Structure formats: C-alpha cells, structure tokens
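Asks: My questions will all concern the structure given below.
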Amino acid sequence: MKKSRNKNRKLWIDLAFISMIALLSISLIFLSHSTKSNANQPTNNRKAPEITKEESTKESAFPGILIKTEVSNDKYSPYSIQYPQSKVKSFNAQINKYIDEQLDTYLIAMQENKRIGSKTPGELNIAFEIFPHTSGSYSFVMITGTYLGGANGYTSFNTIHLNTESANIIKINDLFGHEESKLEKLSSLVRDSIKKDPSLKDKVFEEEMMLATEPKWSNFEKFALIEDTLVLYFDEYEIASGAAGAPVIAVPLAELSEQLVAPFKPIVSEEVLPKPPVEEDTEDIIEEEQEDEVNDSIETETQVDEQTENAKKKQVALTFDDGPDPKVTPQILATLAKYDAKATFFMLGSRVEFYPEIANDVLEAGHELGNHTWTHANLTNMTSDAITQEVSRTNNIIEQSTGETPTVFRPPYGAFNDDMLNVLSLPVVLWNVDTLDWKHRDAAQLLASVKSSVHDGSTVLMHDIHLSTAQGLESVLEYLTSEGYTFVTVSELE
Ligand code: ZN
C-alpha cells in the first residue's frame, strides 16, 4: 500500500515537472503571438515590413553542449526553434534532420494554406530540455508545438541521448542490453501507469494505446532518464484524445532493476548486496568500533551524574550519500543550518560533475566532503586500476568544484575488502545506524529508525537524493537535540 502511494507521489512530481515544460512551450507560443501582433501594428515606417531571420548560438549550462536558436518573424509562417548541438557529428546530424523535417512540413503546409486563401497565420515552436543522468548520459527532450491555423495544432516530442564522454548515442535497446523480451515488464508498467493516470481518464484510445505500448523497441524510442525514473513520451492524439494533451508517463527505474543493464540500473540500496566476506583486518576495525561504542555508553551512564550537563555531550555523525541533488541537497543544508548541525556528504563524482555549485554549497556550509565513487559501483568486483579510477576521478571533480579534496571515503553498499583498502588513500567510513530511507521513502519513518537505534557515537546513514529524507530531517534533528546530542562530522567523531 505504502509503496504504491510513494510511487504515485513520485510520478506526480515528474508529471508536474513535465507539465511545467509543456506550459513553458505554450507560453512561448503566446509570447511570440503577442510580439508578433505588436510588430503588426501600423507604424510610421513606410517601408514594407521585412522578414527577418535570426540565428544565434550560445553555451548551455552543460559542458560541450551548445544551444542554437533560429527565429523567423515572417507574419504568415513564423517560427522559433531552439535545439542542442555538440561536438559529436552523428548527434548533430540526427538533431538537424529532425529540425529540418519539422520546419519543412510546417512551411509546406503553410504554403498550401496560403494557396487555398487561408489568412490565419501559423506557428512553429521547438524548445528542448536537458536532463543529465548518473549513467553519464544526457537526455535531450525536444517539444514541438505546431499550429497550422484553424483547429489544426498539435504537440509532439522527440528525444535523443548522448554520452558526451564516449560520444555514443544511447538508444532504448542499450538500456535493456539489446534484449527485446525485457521490454515486456516495461510495457506492462506503462500500461498500468496509463490506466491509473487521472489526467488520461476516459480519454485513452484503447486500441491505439495497446499497439503503441507493445514490447517493441520502436514503441519506446521517445524516452528520457530523469533522476530515478524512465519517462516515456507520446505525441498528442497518439494514444489519447486531444483533451489529454501529449501524454508523459514516468516509470520508476527501481521497478526495472532486473531488466536494465549497467550503468542504467537504478542506484537502489546500500543493503541489497550480500555483505562482503569479513576478512581479518576489517573485522578488527568493526569490532574496535563496536567496543568503543560500548565503552562510551558505559562511561556516559556511570559519569553522567557527576558531570555537569555540558561537560560531555553525546555525539552523532549524520551522513548523506549519493548526492548532490539539485532539489534535495539544498533543503537538507537549510535544515542542518537551522540546528547549526555539521554533517558529512559522501558524493558521487558523476553527480558532482552535473551539480558542482551544490557540492560547493555543501563545503561552504561547513560540512565534511566524502568520496562515494564516480558511478556507485560495487568495488569488490573491480580491478585495482578500475577502483583507483573511480576514486581519483571523484576526488578530482570534487576538488575542481569546491577547491577541497574529500577527506573520507565510503564504498557503495558498504562493500569493501582488504585488497581495496591497499588501493584507497582515504580512511573508509561505514555507518552503524541505517535509516533505510531509500527503502521506505517515508518522512515519518526516518525519525522512527533513528530513535530505535541511535546512541552516543553513532554514524547515521541517510541519502540526500530523496525528498522524503529532506522532509523528515527536521524531526530527527529536533529529537536528537532534545536528547542532548551534538552533531559532528565523521572525522570529528571521537
Ligand atoms: Zn550509496
């Protein structure tokens, strides 16, 4: 029950997000309509209004991605087109082909309208959004609004995916390891989602929808990887009536963890993997840690009466993994600041690359920076070279973004062994209180998990990629403060 409610909530977030983009493209249409009508006002200028076409190129917020804009203010068939370009020729060629097709179709249709005497001007607007994903690929979603006069308008989507580093174009079959049979699960998830979507209620063309969601590659070409969801796009009128607009369906990647291949597999849990075999040295570290904790708590109990309240405060180290995240991390920083609490953030290099300014905000706020690898890989399966690569690349991007190198390391899934310890240059820090925030995604449950197992000297594991964690954090800080805890970084923890 709880799970499906959370799923729906997630879906809503995504849908709200996409509707925002759709609204944006609609407002672009209105905007250009209004500018156009201003331009059409009679002026003192005696010259006939000239058609101006403008082209410009500017840099995007993402390295290596340029934004090209083409605008025509022709009063009968105006257009405004914005599209991405990169250093990758095949990517540019594919985008240019799409733009040319859209523009040609529009201009030819408008010519035909003119020929038959229609006076209503048309409109073509193409806008796009970029979504970076932890797999290292960018999803480009192009939204095309075409208006051919009268009641003749529609919205359609086109998507393309690029790994800027390998220069590879990613297709839907790459996500599923080129096994078409794996689409069966996706097909049924999408159909369920469509059935449950209130905005599509009573608007779906049943037959067309079933055909458009059959488990075939060609049906799922229009997709985007947006955070931990796979988003699928359908054109207006493709599977539902015009009243439904252009449907956008989001499926949580976690539902496809068996079908997706690395690096598209979702980052799920720290606990999903079996615990690595505990080797001698490791055992020592863990036992020592536990003994320390036991000693500490005995000490506290026996001494608490004799000591004044502020002589020995209980300590807790809050840790946040898998970020930074543009939505969640800032909320967490704000809540921590409110309680003057310092924490430790174990960051993924691949995410720091996308959100360097957020990584910098974490440092500026006085928190400790930790390395959590580049791709969230299970390092116990990797060669020393590959491990070094994961760790040093992450160190470098954190240093580039914040000016500081991380001081601690936490292996994904807590999975490590002796061989790895020799390769790592940073101290390894695990945890002893697991909030399971990635699993329950429930703000109220966060406090319950902390309450049940926190003690002096605890290291608490949370993730700054789930909104539920940001929402539940305040009650955790309030509770721990009232219990007399101070908040320290993992390196400050005694
Ligand atoms: Zn992690």
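Asks: Return the pairs, sorted by first residue and then second, in which the second residue is crowded, with 19+ Cβ neighbours inside 10 Å and among the acidic types (Asp, Glu), the first residue lies in region 236-250 and is in the same structural domain as Tyr154 (by TED's automatic domain parsing), the beta carbons are less than 7 Å apart, and the residues are 6+ apart or on different chains.
Replies: Gly242/Glu236; Gly245/Glu236; Ala246/Glu236; Ala250/Asp14
Asks: Within region 442-460, identify whether any single residue is at pLDDT below 95 and either within 16 Å of the ligand (Cβ to nearest atom) or under 20 Å from Arg351 (Cβ atoms) (or both), and answer yes or no.
Replies: So far as region 442-460 goes, no, none of its residues is at pLDDT below 95 and either within 16 Å of the ligand (Cβ to nearest atom) or under 20 Å from Arg351 (Cβ atoms) (or both).
Asks: Residue under question is Ile332, and the condition is that it be crowded, with 17+ Cβ neighbours inside 10 Å, within 23 Å of Leu473 (Cβ to Cβ) and within 16 Å of the ligand (Cβ to nearest atom); does it hold? Can you show your working first?
Replies: Numbers: crowded, with 17+ Cβ neighbours inside 10 Å: yes; within 23 Å of Leu473 (Cβ to Cβ): yes; within 16 Å of the ligand (Cβ to nearest atom): yes.
For Ile332, the condition - crowded, with 17+ Cβ neighbours inside 10 Å, within 23 Å of Leu473 (Cβ to Cβ) and within 16 Å of the ligand (Cβ to nearest atom) - is met.
Asks: Then there is this: Every residue in region 214-244 that is β-branched (Val, Ile, Thr) and over 22 Å from Pro266 (Cα atoms), please.
Replies: Filtering region 214-244 down to residues β-branched (Val, Ile, Thr) leaves 226, 229, 231, 239.
Matches in region 214-244: Ile239 only.
Asks: Find the residue count for region 180-206, including only residues that are charged (D, E, K, R), over 26 Å from Ala127 (Cβ atoms) and in contact (Cβ under 8 Å) with a residue 40 or more places away in the chain.
Replies: 3
Asks: For region 343-438, which fully contained helices (runs of 4 or more DSSP H) count at least 3 residues that are within 24 Å of Ala470 (Cβ to Cβ) and within 16 Å of the ligand (Cβ to nearest atom)?
Replies: On the way: elements: 349-354, 356-364, 384-402, 418-423.
The qualifying helices (runs of 4 or more DSSP H) are 349-354.
Asks: Check Thr120 against each of (1) of a type outside the set (Lys, Arg); (2) touching a strand residue (DSSP E or B) at 6+ places or on another chain (Cβ under 7 Å); (3) not in a helix (DSSP H, G or I) and name the one condition it does not meet.
Replies: (2)
Asks: Can we say Ser452 is part of a helix (DSSP H, G or I) and without any contact (Cβ under 8 Å) to a residue 24 or more places away in the chain?
Replies: Details: part of a helix (DSSP H, G or I): yes; without any contact (Cβ under 8 Å) to a residue 24 or more places away in the chain: yes.
So Ser452 passes the test.
Asks: Could you say which residue among Pro412, Pro406 is surrounded by 20 or more Cβ atoms within 10 Å (Cβ to Cβ) and under 28 Å from Val261 (Cβ atoms)?
Replies: Values: Pro406 fails: under 28 Å from Val261 (Cβ atoms).
Pro412 is the lone residue from the list that is surrounded by 20 or more Cβ atoms within 10 Å (Cβ to Cβ) and under 28 Å from Val261 (Cβ atoms).
Asks: Here are some residues: Phe176, Phe157. Which one is within 21 Å of Gly245 (Cα to Cα) and either under 22 Å from the mean Cα position of the chain (by Cα) or not assigned by TED's automatic domain parsing to the domain that holds Thr213 (or both)?
Replies: Details: Phe176 fails: within 21 Å of Gly245 (Cα to Cα).
Testing whether each residue is within 21 Å of Gly245 (Cα to Cα) and either under 22 Å from the mean Cα position of the chain (by Cα) or not assigned by TED's automatic domain parsing to the domain that holds Thr213 (or both) leaves just Phe157.
Asks: Moving on to the next point. So Leu348 ticks every box in (1) over 18 Å from Asn371 (Cα atoms); (2) surrounded by 24 or more Cβ atoms within 10 Å (Cβ to Cβ) but one. Which box is left unticked?
Replies: Here Leu348 meets the rest and fails (1).
Asks: Keeping to region 415-447, report how many residues are among the small types (Gly, Ala, Ser) and surrounded by 15 or more Cβ atoms within 10 Å (Cβ to Cβ).
Replies: Residues flagged as among the small types (Gly, Ala, Ser) and surrounded by 15 or more Cβ atoms within 10 Å (Cβ to Cβ) within region 415-447 amount to 2.
Asks: Now a separate question. Answer yes or no: is there a residue in region 460-483 that is of a type in the set (Gly, Ala, Ser), in a loop (DSSP other than H, G, I, E, B) and either more than 22 Å from Pro326 (Cα to Cα) or in the same structural domain as Val316 (by TED's automatic domain parsing) (or both). Spell out the reasoning first.
Replies: Going residue by residue through region 460-483, those that are of a type in the set (Gly, Ala, Ser) are 468, 470, 472, 475, 482.
From what is left, the residues that are in a loop (DSSP other than H, G, I, E, B) are none.
The answer is no; no qualifying residue exists.
Asks: So, one more: Pairs only if they're at least six apart or on different chains, beta carbon under 6 angstrom, first in region 406-417 and on the phi > 0 side of the Ramachandran plot, second more than 10 Å from the ligand (Cβ to nearest atom); list them, first residue then second.
Replies: Tyr413/Leu273; Tyr413/Asn378; Gly414/Leu430
Asks: A further question on this structure: Across region 124-154, which residue is nearest to the chain's Cα centre (by Cα) among those that are of a type in the set (S, T, N, Q) and within 21 Å of Pro266 (Cβ to Cβ)?
Replies: Thr134
The values are calculated or read from the model by the stated rules, or taken from the named source; none is laboratory data. Everything quoted here is computed from the prediction, not taken from an experiment. Cβ atoms come from the backbone with ideal geometry, glycine included; neighbour counts cover every protein chain shown.
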